[in-house]
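Contents: one structure, followed by commentary.
The values are calculated or read from the model by the stated rules, or taken from the named source; none is laboratory data. Because the structure is a prediction, the values reported are computed rather than measured. Methodologically, a virtual Cβ is constructed for each residue, glycine included, from the backbone with ideal geometry; neighbour enumeration extends over all protein chains shown.
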């Protein structure tokens, strides 16, 4: 699924969202940033809102992906040192397009 991410279109896989919707199990995002001394800090977030069963499945999946992307965007802005090289290069050169990046203002709030 392709959505806006840091001012560019980026493809996000939908497997976790499809699984959450199909099984009724919440999607709980987590991140594992590494600090300067090499210590990994596991950060577990509240479950994403998967909507309700009256909504179309495609809407619910899109919503989960968009919620996750917003969290990830916050992490990339707050701590670019924890962006995996292959993720950064993929984002930078998405489908071979060479464009100037659009980076949101640093005044945006950090993901908690």
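Numerical summary
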{"item": "Qualifying position, being farther than 21 Å from residue 27 by Cα, out of contact with any strand residue (DSSP E or B) (no Cβ under 9 Å at 6 or more places or on another chain) and either surrounded by 12 or more Cβ atoms within 10 Å (Cβ to Cβ) or modelled with pLDDT of 70 or more (or both), among 89, 64", "result": "89"}
{"item": "Restricting segment 19-33 to residues that are in contact with a helix residue (DSSP H, G or I) (Cβ under 6 Å, 6 or more places away or on another chain) and at pLDDT 95 or above, the residue that is surrounded by the most Cβ atoms within 10 Å (Cβ to Cβ)", "result": "21"}
{"item": "Restricting segment 34-54 to residues that are out of contact with any strand residue (DSSP E or B) (no Cβ under 7 Å at 6 or more places or on another chain) and surrounded by 10 or more Cβ atoms within 10 Å (Cβ to Cβ), the residue that is nearest to residue 68 (Cα to Cα)", "result": "48"}
{"item": "Residues of segment 55-80 satisfying the condition of being without any contact (Cβ under 8 Å) to a residue 24 or more places away in the chain and more than 15 Å from the chain's Cα centre (by Cα)", "result": "55, 56, 58, 59"}
